[in-house]
Structures are given as structure tokens and as C-alpha cells.
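Any read-out appearing in this document is the output of simple, stated calculations on the displayed coordinates, not a laboratory observation. This is a predicted model, so every value here is computed, not measured. FYI the Cβ positions are ideal-geometry reconstructions off the backbone, even for glycines, and counts take in every protein chain you see.
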Amino acid sequence: MPERRVHGDAHATASQFSSAACSASTLRVDRSLARLTKKDRFDMSRLYVGNLSFTTTQDSLRAAMAGDGRQVKEVSIVMDRETGRPRGFAFVEMQSKADADKAIKALDGTSLDGRQIKVNEAQERQPRTGGGGGGGGGRRDGGGGGGRW
């Protein structure tokens, strides 16, 4: 099935696709986030945790984040696609903005599994712009350098 890019009203699109048959299984659409903008989704309680040890597990990170009675909704350690090893950072969604703020104050700069971790609010991923491409040599006529003249 070709990828379908959707522009416009997310709620209308969710209604269109909810309960649609897709490859012999039923597609269900969660409409709760359709009403939120991208910025709202990141403003809630999502944290970035950086400088993690490769030995840190989701359970150990969850335990650290849940200290002092804080509620953790989800822990996701980012893995390298090629090697299957952790990339050294994670995203943690806390139950509330207050829990997220408390976790930042309590854990930013502390040691976890032998590494000083960085904990802050997750930022929306910036769109990638085109790739590099090389520049010309420095000659006014646009030709590359490399020759003697």
C-alpha cells in the first residue's frame, strides 16, 4: 500500500481512517492527540535524558526517574538501527508537567550507572534541511580549484 501523506484537518483524517480495513486487520486511530498541535505534545511532560551509559536499562532509568514519588508513563531508550546498541540517550514521558519539572531538578547532573546524565525538556525535532553538496574552488568563474593556474 503506498504511503499516504495527509495535510489539513487531522481530526477529519482520523475519522476517515478509523475502522478502515488495512491488510486484513482493522486500523484504529487515536483521536486524542489529533486535537493537539506538535508544540502542545512536546510541552506536556516529555524529557530528554542524555549521556546515558550503554549499560543503562529501561528498568534502571525508570527507577531513577520515579524516585521521590514521581510518576513515569513511558521510557524509551533510543537504539542504533545498525548495531542494536543503545545510542546513549532516551526519552521519558512523565505523568504530569510537575513530575517532569521535579525530575529535571532532582536528576540533571547526577550520576546514573557511572555517567553524569543530562535531563531536560525534550525539544521538537527540527526539520532537516537539504544536504551539503560541495562548494566550488574559489575561482570567480565557478570552476573548482586543484589546477596550477
Might you let me know whether the range 94-112 holds any residue that is surrounded by 14 or more Cβ atoms within 10 Å (Cβ to Cβ) and under 15 Å from the mean Cα position of the chain (by Cα)? yes
Filtered residues of the range 121-132 (kept if surrounded by 14 or more Cβ atoms within 10 Å (Cβ to Cβ) and not hydrophobic (A, V, I, L, M, F, W, C)): GLU121
